[in-house]
Every structure is written in C-alpha cells, then in structure tokens.
Amino acid sequence: MLKQEKVILMTKLAIEEKTHSRYRFITGSFWFDDYASKELWEAFFAVSFAYAAVVILGLIAYGDGWTVTYHIADAAALGLRLLEIWAGVTILGMLICLLTHVALYREAYRKRQRVEKYLRHLRAIYEEEGELP
C-alpha cells in the first residue's frame with residue numbers, strides 16, 4: 001500500500017541521487033585521506049607547472065632586458081628568489097585546494113548522512129508494513 005510518507009521519502013531519495021551523484025562518488029570511493037592526498041598532488045603539479053610556464057614566458061618576454069641588467073652572480077640570486085616564490089605559491093595553492101576540498105568532502109558527507117537517514121526511515125516503514133523480513 002502506498003503511504004504518503006513513503007512516497008515523499010522515495011522522492012527525496014530520487015532527487016538526491018539525481019542532483020548530487022558526484023557527492024556520492026566522493027564519499028563512496030575514497031576515505032578523506034585518500035581523497036585529500038590525491039587532490040593535493042594534483043594541485044602541487046598544476047601549480048608547479050603553471051609557475052614554471054609563467055617564469056619561462058617571463059624570461060622569454062623580458063630576456064633581452066634581463067641579460068643586460070643581471071650578471072652571473074645575480075642570476076643565482078634570482079634563481080633562489082624564484083625558488084622561494086615558487087615554494088610560497090605552491091604552499092598557498094595547496095592550502096587553498098585543501099580548504100576547498102575539505103569543504104566539498106564535508107558537504108558530500110552530510111548529504112550522504114541525510115540519504116542514509118532517509119533509507120533507515122524508509123526501511124522502518126517497510127518493516128512496519130511487513131514487506132521486509
């Protein structure tokens with residue numbers, strides 16, 4: 001027999017599955033440590049690649065002025081300075097990545113908890129009706 005409460009719960013479950021399927025993937029496929037470490041590695045390589053591209057393009061664009069202005073000793077100091085900036089940019093990029101993915105994982109976990117609550121409630125309704133063993 002159809003109960004209004006059962007129909008409402010099944011509708012909510014269908015809406016959750018339709019609109020938030022990527023959240024289920026996040027919490028279902030990974031533990032948080034696995035998920036965060038994978039995303040941090042991706043952020044590390046993405047930020048490093050982008051920084052290297054910007055530095056190389058900057059050297060190409062301003063190469064003539066750079067070669068006249070700086071000497072060999074200055075090039076080593078510039079290299080160290082670029083390395084310090086790279087470390088700062090990489091740490092900042094990874095921190096931003098970690099914070100956004102912590103928030104995303106937390107939201108996905110909350111949605112998963114809500115779906116499990118709906119399923120427990122639905123199971124109780126079915127047991128009450130005697131449709132489950």
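The values are calculated or read from the model by the stated rules, or taken from the named source; none is laboratory data. Computed from a predicted model, the values in this text were never measured in an experiment. Cβ atoms come from the backbone with ideal geometry, glycine included; neighbour counts cover every protein chain shown.
Could you please let me know if L9 is surrounded by 13 or more Cβ atoms within 10 Å (Cβ to Cβ) and at pLDDT 75 or above? Spelling it out, it is not the case that L9 is surrounded by 13 or more Cβ atoms within 10 Å (Cβ to Cβ) and at pLDDT 75 or above.
Just one of (1) over 30 Å from L122 (Cβ atoms); (2) at pLDDT below 85; (3) among the aromatic types (F, W, Y); (4) surrounded by 12 or more Cβ atoms within 10 Å (Cβ to Cβ) fails for Y51. It is (2). When we screen Y105, Y118 for residues that are of a type in the set (F, W, Y) and in contact with a Leu (Cβ under 8 Å, 6 or more places away or on another chain), the only hit is Y118. Of the residues making up segment 96-104, at least one is touching a residue at least 60 places away in the same chain (Cβ under 8 Å) and either touching a Pro at 6+ places or on another chain (Cβ under 8 Å) or of a type in the set (V, I, T) (or both). Every listed requirement among (1) modelled with pLDDT under 80; (2) closer than 24 Å to A14 by Cβ; (3) assigned to a helix (DSSP H, G or I) is met by A76 save one, (2).
Yes or no: segment 81-103 includes at least one residue that is part of a helix (DSSP H, G or I), within 30 Å of K6 (Cβ to Cβ) and either modelled with pLDDT under 80 or out of contact with any strand residue (DSSP E or B) (no Cβ under 7 Å at 6 or more places or on another chain) (or both). Within segment 81-103 (the criterion being part of a helix (DSSP H, G or I), within 30 Å of K6 (Cβ to Cβ) and either modelled with pLDDT under 80 or out of contact with any strand residue (DSSP E or B) (no Cβ under 7 Å at 6 or more places or on another chain) (or both)), the answer is no, since none of the residues qualifies. Write out, first by first residue and then by second, each pair whose Cβ atoms fall under 8 Å of each other, whose residues are 6+ apart or on separate chains, and whose first residue, in segment 68-80, is surrounded by 11 or more Cβ atoms within 10 Å (Cβ to Cβ) while the second is modelled with pLDDT of 70 or more and not in a loop (DSSP other than H, G, I, E, B). Partner pairs satisfying both residue conditions: Y70/L78.
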